[in-house]
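Read through the structure below, which is laid out as structure tokens, and then see the notes.
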Amino acid sequence: MDERPTDFAASIDKIVADCNDRLLWVPYSKDKLTKAAARVLIEQWSSFTRHSRQCWAFVVGNCPIVEVRKFIVTENLYEEEAQEGRSHFEILARMGMALGLTRDQIVNAKPLPTTVVAMHAWEALTKNRAWYEGLAAKSVLERTNAPQCGNFSHHQDEHWRRQLGLSKEDTEFWWMHDSVDQIHGDGSLKLLERHLTSDAEKQAALRAAEESMMAWQVYFDGFYYEGIKRSAER
């Protein structure tokens with residue numbers, strides 16, 4: 001029998017699910033996705049993936065708790081970055097090349113203003129705030145892949161293969177995230193529940209989660225509109 005989530009966990013997941021329901025990209029990508037729009041997402045995610053490592057490093061640097069630091073270094077830095085040829089950026093690049101982008105176009109893609117604004121928000125949330133606020137801000141991005149929060153990558157995998165003619169191998173970026181983010185997101189949430197002892201800390205973490213998901217919406221809406229624009233130009 002499954003345990004009921006704590007009030008804190010339920011609040012986190014509601015923040016994430018509510019944001020998923022607002023994303024214009026979600027209904028658009030279900031049946032109207034074009035290669036032009038998908039390429040925009042790849043270009044913008046290339047900046048996000050590399051920037052994400054810096055944000056996780058800020059959380060580690062701000063956190064005095066060894067258990068939390070070890071989890072982030074193992075799951076979010078080593079697993080995503082250090083394995084030769086298997087970094088999340090490399091897997092993203094392979095998906096982009098399957099869509100006709102060159103490696104140079106992916107590596108040197110210019111971030112949209114909305115992407116820059118979102119990255120500034122995540123940097124501030126992880127660099128200048130308490131470690132638990134930074135952890136909450138980063139972990140909610142992983143919880144977008146939890147079934148109760150929208151199952152984002154799971155659906156993107158299906159949408160991209162069905163509409164863009166990509167193979168299962170091509171879309172590894174999506175189904176890999178569908179799998180590993182269950183571990184990352186659940187682990188981070190458990191650490192927050194274990195180490196946040198006051199209502200003030202919990203409220204600060206929830207506020208950081210809300211701010212992070214607002215940045216997520218700005219980020220996604222940016223390449224949604226750019227994708228619509230490029231699709232119309234073709």
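Worth a mention:
- Scan of the stretch 82-114 for residues that are under 18 Å from the mean Cα position of the chain (by Cα), modelled with pLDDT of 90 or more and in a loop (DSSP other than H, G, I, E, B), ordered by number: 111, 112
- Just one of (1) more than 16 Å from residue 19 (Cα to Cα); (2) among the hydrophobic types (A, V, I, L, M, F, W, C); (3) part of a helix (DSSP H, G or I); (4) touching a residue at least 60 places away in the same chain (Cβ under 8 Å) fails for residue 216. It is (1).
- Checking each residue in the stretch 1-28 for being more than 21 Å from residue 174 (Cα to Cα) and outside any helix (DSSP H, G or I) picks out 1, 2, 3, 4, 5, 6.
- Selection count, the stretch 29-61, where residues are in contact (Cβ under 8 Å) with a residue 60 or more places away in the chain, more than 17 Å from residue 129 (Cβ to Cβ) and assigned to a helix (DSSP H, G or I): 16
- All conditions but one from (1) of a type in the set (Gly, Ala, Ser); (2) under 20 Å from residue 144 (Cα atoms); (3) crowded, with 19+ Cβ neighbours inside 10 Å apply to residue 93; the one that does not is (2).
- Looking across the stretch 135-194, the residues that are in a helix (DSSP H, G or I) and β-branched (Val, Ile, Thr) come down to 140, 144, 180, 183.
- Among the residues here, residue 34 does not qualify as surrounded by fewer than 16 Cβ atoms within 10 Å (Cβ to Cβ), among the hydroxyl-bearing types (Ser, Thr, Tyr) and either modelled with pLDDT of 95 or more or more than 21 Å from residue 118 (Cα to Cα) (or both).
- Residue match in the stretch 66-78 (condition: loosely packed, with under 13 Cβ neighbours inside 10 Å, acidic (Asp, Glu) and without any contact (Cβ under 8 Å) to a residue 24 or more places away in the chain): no
- Yes/no for residue 132 being part of a helix (DSSP H, G or I), touching a residue at least 12 places away in the same chain (Cβ under 8 Å), over 26 Å from residue 30 (Cβ atoms) and not small (Gly, Ala, Ser): yes
- Qualifying residue in the stretch 127-144 (condition: within 14 Å of the chain's Cα centre (by Cα), among the aliphatic types (A, V, I, L, M) and open to solvent by 20 Å² or more (accessible area, probe 1.4 Å)): no
- Taking each residue of the stretch 188-206 that is open to solvent by 80 Å² or more (accessible area, probe 1.4 Å) and looking for partners that are assigned to a helix (DSSP H, G or I) with beta-carbon atoms closer than 7 Å, six or more apart or interchain, yields nothing.
The values are calculated or read from the model by the stated rules, or taken from the named source; none is laboratory data. None of these values were measured; they are calculated from a predicted model. Counting neighbours? That spans all protein chains shown, and the Cβs are built from the backbone with ideal geometry, glycine included. What goes into the accessible areas is simple: the full protein's heavy atoms, side chains included, and nothing from ligands, DNA or RNA. Shrake-Rupley method; radii C 1.70, N 1.55, O 1.52, S 1.80 Å.
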